[in-house]
Protein chains: 2
Amino acid sequence: MSLTDGPYGGPAQPDVIDPSGGANQTRVRAYNERLVMSLVRRHGSLSKADIARRSGLSAQTVSVIMRALEADGLLIRGAPVRGRVGQPSIPMRLNPDAVFSFGVKIGRRSADLVLMDFVGTIRLHLHQIHTYPLPDDLVTFIVEGIGKLEQQLTPDQRGRIAGVGVATPFELWNWAEEVGAPRQEMDKWRDFDLQAAIAARIPHPVFLQNDGTSACGAELAFGVGASYPDFVYFYIGSFIGGGVVINSALFSGRTGTAGAVGPLPVAGKDGRSTQLLKIASVFVLEKLLRERGIDPEPLWYSADDWIDFGEPLETWIQDSAAALAQAVVSAVSIIDFSAAVIDGGFPSWVRSRLLAATRKALKTLDLQGVTVPDLVEGAVGSHARAIGGASLPLFSRYLLDTNVLFKELS
Amino acid sequence: MSLTDGPYGGPAQPDVIDPSGGANQTRVRAYNERLVMSLVRRHGSLSKADIARRSGLSAQTVSVIMRALEADGLLIRGAPVRGRVGQPSIPMRLNPDAVFSFGVKIGRRSADLVLMDFVGTIRLHLHQIHTYPLPDDLVTFIVEGIGKLEQQLTPDQRGRIAGVGVATPFELWNWAEEVGAPRQEMDKWRDFDLQAAIAARIPHPVFLQNDGTSACGAELAFGVGASYPDFVYFYIGSFIGGGVVINSALFSGRTGTAGAVGPLPVAGKDGRSTQLLKIASVFVLEKLLRERGIDPEPLWYSADDWIDFGEPLETWIQDSAAALAQAVVSAVSIIDFSAAVIDGGFPSWVRSRLLAATRKALKTLDLQGVTVPDLVEGAVGSHARAIGGASLPLFSRYLLDTNVLFKELS
DNA sequence: GGATAATAATTCAATTTGATTTATTTATTG
DNA sequence: CAATAAATAAATCAAATTGAATTATTATCC
């Protein structure tokens, strides 16, 4: 193409892809309400004047919005703060009892159902162990579990349920071998619409998201999200998964698989290129233990109570750390994340050792031109997936989301 | 009309970790104006009714906005389209003469200055060859060049200049060796504020952005951006660089280095892990040619007129393709881009061969769990960096940018 | 120690902006 | 002439902003 050629017309694609729709006042209000709540959430408690300063909105606007939120029971006022010149400020904070939501985590060996309040505290919890996950069993567990838990709520509390969020690995049928399940059993997931199956049997809205992305959402809403406006997130479960936060918003991507991280190519111990998930996953540790003649069952009793397996655990930590360090470099070469957050289905002492090893491994890599991010431990912990599932209804209705401003286009 | 200025290019970044500010009506209007223009840009020409349907805004709102844009000379009406029932529709399109902007590309061997119109056509062009880039020389070239080019414009045209955008590699001082310049000469870039130096000597706003990100912006505004709402972009110049588009917006990241891509770890021919830029850069080809006793000078005469160097070129293409394929897999493991766009400072026949080789290389990789993106050739071509530079002022004032909706927080 | 000034938080009332709704006009085809 | 679609005018509505007032403090002067 010569210099003076006309417009650089790409393939003129008709109709298909258009940017988001227009914005209008109603949406502006909805957005500003979420902004106010997000600021309160982030800082614990803030006065109206604080919010006005932080949001750049006028004091009057903030006053009107916050009175409405208080009237709705979403915010509650604290004791006036005296000691400074001027009228005392009234700190407002989230009402923990304002909204409840159910979160479901579907795992290789177990499923969890939690009832979470508005500030991320798990109020009620059900746990089910299975040899491998099956659609019908899970629907039964979820629907009956929700029934059971709802019985423990007052009618008022039941009226404040925002919905159900399911955190699940995608394309379960691809993992029959690793899960240790017969292929034809796992194939049952292929044409099964879990979201629809649940929605048909309960009155609440149902949300479904990849388990890694969900856990990442939990970290955004209740963990390090307050400190970092963007980060890449790794959750090490039976399989590693992850998520991406950009501009303080969960970015799930066009296909919902943003932050998959599992397929990231990394160099293994032998120098050969492998997928990250084949190194930094708990099923690898399990295999390692079996090879050493050690019973891996303690891994599944409780994510928070592993025993120290000694050498094989240390080996797995070192290998995983080396792989994670490369994954972090890859990630920040695409997006200059300010932090990389690592969490997983293991006790905090394992997490600490893994983080330390990863920080060390990072230093051995070629960092020319790399903006090295903070490496931080997840603040949410092993239940991040279930909490993340439960936070999906909150994201949909209460958490900051720029898309709120735009019209939905068919 | 009020199109609020956005913060593009400038590295001025608030270190506040709060989400973006509140939204209000004025900003909504500014956003909707940009939305209308982006839709027109994307589709070439659209009637008011078309825009209303596509944006979801009411017909009346679109009517008001578009009349204002027409009155400002940004849109011009085409011939009424008859042949269908009802009043004929009047297609509106961008006025190519509505806005001009200067774009500067700083390269290892040369610098370019272009004057671009509103639809991405280069109207005027200056080119300078240097052995290596130096701050003072470049400022002189840019300032005097702008003076020269402005003399060729009418007073009216001069009044429509939106600004100057500079596309430059970051941290030039790190590349003294590869550039073949004395270290102390390149060190002059360390404390030199190019943006400020230019801004002090010309009356237009000056924007500065990484060259890869700039080229990516050109592709978004004038190339495949119309077909893909998100993509990762690779520009292969002396050094490879790139950029990231998310939600039809250029994402430059917190530090402005999003889409750096150069430091991506990939496995080289020997299986060892190397940075992408050490394989898929033109300086590697240059070295290869020298090793073969071939004069590499033809590489620098004109990016659009390479001669076919035969075997060494083919080797370089194969190696680069293998590395690029891995880079693409890494990228989509972080963000599920719908496309990976590859362009560079070479003729289109080289680009075609590179793309074909990359597609082939991609098939040899482990794609389990990977959402494979479309691999597409850049539509803008070798001048993408200069055009991208020139598009920076347009992004700041006229192109779609959700940040327009939010208040700037100190 | 009491009176007064300064300050900051909050809110009320009026204003402004801009999108939406409703109704009307215009230009075309069948 | 009926039907249809595009375009626009006028009225309406929602929500943010502006400016002024109110309130509850602390600071300071005498």
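The values are calculated or read from the model by the stated rules, or taken from the named source; none is laboratory data. Here the structure is a predicted model, which means the values were calculated and not measured. As a convention, Cβ positions derive from the backbone with ideal geometry for all residues, glycine included, and neighbour counts pool all protein chains shown. All accessible areas refer to the heavy atoms of the entire protein, side chains included, with ligands and DNA or RNA removed. Shrake-Rupley method; radii C 1.70, N 1.55, O 1.52, S 1.80 Å.
For residues that are at the interface with chain A (Cβ under 9 Å from one of its Cβ atoms) and not in a helix (DSSP H, G or I), scanning just the range B:21-57, find the one that is nearest to DNA strand C (Cβ to nearest atom). So, considering only residues that are at the interface with chain A (Cβ under 9 Å from one of its Cβ atoms) and not in a helix (DSSP H, G or I), the one nearest to DNA strand C (Cβ to nearest atom) is B:LEU57.
For the range B:350-383, taking the residues that are within 14 Å of another protein chain (Cβ to nearest Cβ) and β-branched (Val, Ile, Thr), the one that is nearest to B:LEU299 (Cα to Cα) is identified as B:VAL350. Pairs meeting the criteria (first residue in the range B:249-277 and farther than 16 Å from B:VAL329 by Cα, second residue charged (D, E, K, R) and part of a helix (DSSP H, G or I), beta carbons under 8 Å, at least 6 apart or on different chains) are B:LYS269/B:ASP319.
Among the numbered conditions (1) open to solvent by less than 20 Å² (accessible area, probe 1.4 Å); (2) touching a residue at least 40 places away in the same chain (Cβ under 8 Å); (3) in contact with an Asp or Glu (Cβ under 7 Å, 6 or more places away or on another chain), the only one that B:ARG385 does not meet is (1).
Summed over the range B:119-134, the residues that are β-branched (Val, Ile, Thr) and over 19 Å from the mean Cα position of the chain (by Cα) give a count of 2. Quick one: would you say B:VAL245 is within 13 Å of the chain's Cα centre (by Cα) and either among the aliphatic types (A, V, I, L, M) or not assigned by TED's automatic domain parsing to the domain that holds B:LEU392 (or both)? Criteria met by B:VAL245. Pairs are defined by a Cβ separation below 8 Å, a sequence spacing of at least 6 or placement on different chains, a first member in the range A:56-71 that is on the phi > 0 side of the Ramachandran plot, and a second member that is more than 8 Å from DNA strand C (Cβ to nearest atom) and part of a loop (DSSP other than H, G, I, E, B); the pairs so defined are A:GLY56/B:GLY21; A:GLY56/B:GLY22; A:GLY56/B:LYS407; A:GLY56/B:GLU408; A:GLY56/B:LEU409. Among the residues of the range A:304-337, the ones that are in contact with a helix residue (DSSP H, G or I) (Cβ under 9 Å, 6 or more places away or on another chain) and open to solvent by 10 Å² or more (accessible area, probe 1.4 Å) come to 12 in all. With respect to the conditions (1) part of a loop (DSSP other than H, G, I, E, B); (2) touching a Pro at 6+ places or on another chain (Cβ under 9 Å); (3) farther than 26 Å from A:ALA331 by Cα, B:LYS287 lacks only one, and its number is (1).
There is at least one residue in the range A:260-271 that is within 30 Å of B:ASN403 (Cα to Cα) and not charged (D, E, K, R).
Answer yes if at least one residue in the range B:111-120 is away from DNA strand C (no atom under 16 Å from the Cβ), surrounded by fewer than 19 Cβ atoms within 10 Å (Cβ to Cβ) and either over 16 Å from B:ALA162 (Cβ atoms) or within 14 Å of chain A (Cβ to nearest Cβ) (or both), and no otherwise. No, every residue in the range B:111-120 fails to be away from DNA strand C (no atom under 16 Å from the Cβ), surrounded by fewer than 19 Cβ atoms within 10 Å (Cβ to Cβ) and either over 16 Å from B:ALA162 (Cβ atoms) or within 14 Å of chain A (Cβ to nearest Cβ) (or both). When residues in the range B:65-121 are screened for being among the acidic types (Asp, Glu) and in a strand (DSSP E or B), 1 of them pass. Considering the range A:67-95, and only residues there that are near DNA strand C (Cβ under 7 Å from one of its atoms) and within 33 Å of the chain's Cα centre (by Cα), the residue that is most open to solvent (accessible area, probe 1.4 Å) turns out to be A:ARG67. Screening B:LEU392, B:LEU375, B:LEU400, B:LEU355 for residues that are in contact with a strand residue (DSSP E or B) (Cβ under 8 Å, 6 or more places away or on another chain), without any contact (Cβ under 8 Å) to a residue 40 or more places away in the chain and open to solvent by less than 30 Å² (accessible area, probe 1.4 Å) leaves exactly one candidate, B:LEU355. Taken over the range B:257-269, the criterion of being open to solvent by 10 Å² or more (accessible area, probe 1.4 Å) and more than 7 Å from chain A (Cβ to nearest Cβ) is satisfied by B:GLY268, B:LYS269. Of the residues making up the range B:154-165, one or more are open to solvent by 10 Å² or more (accessible area, probe 1.4 Å), farther than 30 Å from B:GLY237 by Cα and either within 16 Å of DNA strand C (Cβ to nearest atom) or in contact with a helix residue (DSSP H, G or I) (Cβ under 7 Å, 6 or more places away or on another chain) (or both). Applying the criterion of being acidic (Asp, Glu) and loosely packed, with under 13 Cβ neighbours inside 10 Å to the residues of the range A:286-301, the residue that is modelled with the highest pLDDT is A:GLU291. For the condition open to solvent by less than 50 Å² (accessible area, probe 1.4 Å), modelled with pLDDT under 90 and within 14 Å of DNA strand D (Cβ to nearest atom), A:ASN24 qualifies. Every condition in (1) within 14 Å of chain A (Cβ to nearest Cβ); (2) open to solvent by 40 Å² or more (accessible area, probe 1.4 Å) is met by B:GLY180 except one, and the failing one is (1).
Being within 11 Å of DNA strand D (Cβ to nearest atom), in contact with a Pro (Cβ under 9 Å, 6 or more places away or on another chain) and aliphatic (A, V, I, L, M) is the filter here, so list the residues in the range A:43-97 that pass it. Result: A:ALA79, A:VAL81, A:ILE90. Only residues that are out of contact with any helix residue (DSSP H, G or I) (no Cβ under 7 Å at 6 or more places or on another chain) and either over 21 Å from A:HIS383 (Cα atoms) or within 14 Å of chain B (Cβ to nearest Cβ) (or both) were counted across the range A:340-349, and they come to 0. Just the residues that are facing another protein chain (nearest Cβ under 10 Å) and either closer than 13 Å to A:ALA267 by Cα or assigned to a loop (DSSP other than H, G, I, E, B) (or both), please, taken from the range B:270-283. Residues satisfying the conditions are B:ASP270, B:GLY271, B:ARG272, B:SER273, B:THR274, B:GLN275.
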